[in-house]
Structures are given as C-alpha cells and as structure tokens.
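The values are calculated or read from the model by the stated rules, or taken from the named source; none is laboratory data. Everything quoted here is computed from the prediction, not taken from an experiment. Every residue, glycine as well, gets a Cβ built from its backbone with ideal geometry; the counts of neighbours run over all protein chains shown. The accessibility values were calculated without ligands, DNA or RNA, using every heavy atom of the protein model including side chains. Shrake-Rupley method; radii C 1.70, N 1.55, O 1.52, S 1.80 Å.
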Amino acid sequence: QVQLVESGGGLVEPGGSLTLSCAASGRNFKIGAMGWYRQVPGKQRELVATITNNGRTNVVDSLKGRFTISGDNAKNTAYLRMSSLKPEDTAVYYCNIIGTAAWGQGTQVTVSS
C-alpha cells in the first residue's frame, strides 16, 4: 500500500510562485512515473505535468514556461514549481503514481489579490 501526501499549496497573489511537493511512502511499491493534476469544482480533473523515474518530464502545452516538474527518486518525491501564477490556476492540485489508483488528498492553490 502506498500513500501520497501533497503539500505546499496556499494563497498567492497573481504573478507569484509556489512549489508543491508530493511524497510517496509505504511498502513494496515502485514508481515508474508520477503526475500532477488539478481540478476545479464542476470540472474534470486535468493533467498538469508528468515525470518518469529516469527524469523524463512533460508539462502540458498551455502551462509550459510557467510550470516545471521535478523529482527526487531517493525521497520518492515529485515537485511542481509554479510561477507567474494566474487566477485561473486556482484549483486543488493532486499527485498520482501513473498507472495506479494511488492519489494524494490534494492541496488547494488559490491565486487572488
């Protein structure tokens, strides 16, 4: 069983930055790739970025240049660096071990002045 815990969310002004963390823990699990997603009320959860265990990254086109994903294999942790934040980035951000049902509880990001 693996647990994912996101952290780092909060309230930030437009143009500001935040870094989210997603830490995986448990027994007998293997991470091939992790992903960050976000969801706003009434809408489907959408993919933000992915990273494989050999460091290959991908950020959805609409967020490239502002969002960066990175990871630390030794810590089983993925990070999402978000900069030049906009009000439309407001959402609950979740992480997932891709290909599994392992999801974190989410962390709220609110971009507002």
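Quick look at the numbers
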| read-out | value |
| --- | --- |
| Failed item, numbered, when Val40 is tested on (1) among the aliphatic types (A, V, I, L, M); (2) surrounded by 14 or more Cβ atoms within 10 Å (Cβ to Cβ); (3) within 12 Å of Asp89 (Cβ to Cβ) | (2) |
| One residue from Ala49, Ala74, Ala91 being open to solvent by 50 Å² or more (accessible area, probe 1.4 Å) and of a type in the set (A, V, I, L, M) | Ala74 |
| Residue identified as in a strand (DSSP E or B) and either surrounded by 14 or more Cβ atoms within 10 Å (Cβ to Cβ) or in contact with a Gly (Cβ under 7 Å, 6 or more places away or on another chain) (or both) among Leu20, Leu11 | Leu20 |
